[in-house]
Every structure is written in structure tokens, then in C-alpha cells.
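Novice: One structure is given below, represented as C-alpha cells, and several questions about it will come after.
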Amino acid sequence: MDVDKINLVNIFLVFASLILAYFIPFELFLYSYIILGPLHYLTEINWLYQKKFFLRNNNKWPLLLIIISVLTPVYIRYWGTTIDRYQFTQSILQLMGTLSDHFILVGFLFIIGVVFFNRKKYLIIEFLIAFIITTYLLFNAPEWISLMGLFLPTLIHVYLFTLFFVLYGALKEKNNYGIYLAILLFLVPFIILYIPIDSNNYTPLDSTKDIFITNNLSSLAKITASIFNQPKNGSFYMLSEISIRIQIFIAFAYSYHYLNWFSKTSIIGWKKALSKKKSLWILLIWVLSISLYFYDFRTGLYTLFLLGYTHLIVEFPLNALSIKGIFTFIKSRK
């Protein structure tokens, strides 16, 4: 399939994802996250590994630093404190867990430095600058660290970076349909903002509401609403109009993020990175991951949390390359 056809398919997928998100925002998010999510993580990690994570020079050390600085505190936050018996070490683990938002921003800024200034001799300087900037924010604007810790692995990753990736590809290929796709993707939040919503029409199943409440899956919508000073009375209800609008956007962003990946096997070439043996392992892990969710949703959520974070971190260089590519194109047009 050529580039034009794939971009046309993706325009259709944007509309399809938006329509489904409009009618079943809670269910679509769950189905996408549980079924499409793990398969996306596994196939992309394998492809990025084949591409050496898009780190040309000395790619092993930056990757190692990112994995240690991010996955370790994430692991500690969710499991470490429950298995350690000693009060002193447990206090240290808890402290590191609370700094996980700090670490993820350090990792992202560091990778941006690595991509924009691709020199081995700058690695330590880039890491120190990223650490100093993030630490300054930690003490002077801790709310920004918390927001980045929440939104960077979620909406920034699945929506904003997807938009950058689509726009970069369109500019690189000089493809008009790709530009139309990027414009449409940019307009989606505004469409959701102004489409008519009757909260009385949204009645998710009790099991769906229970999953959201029990596993705190509505926290992303809640914090997003608070940024816009909603709800004004200080209480949050997951079936209020503002919550539903936000949930529609979340469901759309996650669904299209996954569908965009699966629709571009020929453009990206990630299918070529799959041998028969790797494909079988990926399918096996994928089936087991879905089974975990059906066995116990919380177990599945926590177990696959690290897989999702791993895919997020190793995708940072690609995200940074997309940003760099857009800046380079804009600079060349001046």
C-alpha cells in the first residue's frame, strides 16, 4: 500500500476512533488499552531494538541510564515497598518512588539532548543539564513535575507525540494527505470540545464503572478537569459533561495511537523486524497479558504497567527525532 492510501486509511481511522469514542468512551478505552496496548508495546519495542533505538552514537549507555532512572522507581513505587521488610531501606525505596516523576522528566530531557547534540563527549553534560533543570522545577514548581509525570506517559505520549510523528512523516514525504491527516488530528480536541454532549445518554455497565473506580482510572480525567478549573464546586463525577468530554478524548487518543501503529507496517517497516520465532513469542506474551486482565484486572494492570513504561521510554529518541525533524523543516523554510 502506498503512502497516499495509508494516509487516507488513517484519516478514516481518526473518524472511526472519534465516533466510537463519542458513543462508548469508557468501554473503548478499556478494550484498546487491554487488547491493542500490549501488542503495540511488544511489536514496537522489538522494532526499536532493531533500529538501535534511533541512537546513532554510543546508544547503549543512554538507553541504560534511561531504563535505570525510570523503570527502577516505577518498580519501587508499585512493588518494592510491599516486599521489603526493613524500615530503613523501605523509607529509601518510598523516597525513590515519590521521585519517579522527576526521573521520567530527566530521562526525556536527556534524550532530547542526545538527539539534538549527537556527540559522545556531551553525554555527561546533557544528563547533568537535564537533572539540574528537573531538580530546579522539583523545588520551585513541583506541580509541573507532577503534571509531567502524569501527562508525559499518557496524553502527551499517545496524542501529542503521535501528532508530531504524523506531521514529521508528512513533511518528510511531502505528502498532502499526510498534512490533511495531521491537521485533522490537531482539530480533534476542538471537535470534542464543541460537539453536543448529553451526559444522561452515557450509562456504562456497572462492571466498567467498578473497574474505573477500583483502579483509579478516572484520575487522568479528574486532574485534566482540574487544570481547566472544572468542576467549579470542587467535586468530580465521572459521568459529568466535562468528564465525559475528557474521557472521549482519552479513548480517542489511545485508540488512534495504537491503530496508527498497526496501519503503518509498510511505511515504518516494523513487520520486517519480526522473525517467525519472535512473532510466536510476541503472540504468546500478548495472549498471556490479556488472560491476566481477565483473571484479575488489577494484576494485569500492574504487571503490564512496566511493559508500557518500557515502550514509552525506548520511544523517547523517536519522539525527539520527530520534534527535531519538524524544527529542521521549519528552519529550512525561512
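The values are calculated or read from the model by the stated rules, or taken from the named source; none is laboratory data. Just so you know, these numbers come straight off a predicted model, no measurement behind them. Please note: Cβ atoms are built from the backbone with ideal geometry, for glycine as well, and neighbour counts cover all protein chains shown.
Novice: Being surrounded by fewer than 15 Cβ atoms within 10 Å (Cβ to Cβ) and over 30 Å from residue 2 (Cβ atoms) is the filter here; which residues of region 137-189 pass it?
Specialist: 139, 140, 141, 142, 143, 144, 146, listed by residue number.
Novice: If you check 295, 258, which single one turns out to be in contact with a Leu (Cβ under 8 Å, 6 or more places away or on another chain) and of a type in the set (Ser, Thr, Tyr)?
Specialist: Within the list 295, 258, the selection yields 258.
Novice: Return the residues of region 190-202 that are surrounded by 11 or more Cβ atoms within 10 Å (Cβ to Cβ) and either of a type outside the set (A, V, I, L, M, F, W, C) or modelled with pLDDT under 90 (or both); say none if nothing qualifies.
Specialist: Selection gives 199, 202.
Novice: Kindly evaluate residue 204 against the criterion of being touching a residue at least 40 places away in the same chain (Cβ under 8 Å), under 27 Å from residue 12 (Cα atoms), out of contact with any Lys or Arg (no Cβ under 7 Å at 6 or more places or on another chain) and not in a helix (DSSP H, G or I).
Specialist: Yes, satisfied.
Novice: Related question: Mind telling me which of the residues 255, 266, 275, 291 ends up being at pLDDT 95 or above and of a type in the set (Gly, Ala, Ser)?
Specialist: 255
Novice: Here is a follow-up. I want to confirm something. Restricting to region 289-324 and keeping residues that are loosely packed, with under 14 Cβ neighbours inside 10 Å and without any contact (Cβ under 8 Å) to a residue 24 or more places away in the chain, which single residue is nearest to residue 5 (Cα to Cα)?
Specialist: 291
Novice: Residues that are modelled with pLDDT under 90, over 19 Å from residue 150 (Cα atoms) and among the basic types (Lys, Arg): does region 63-79 have at least one?
Specialist: no
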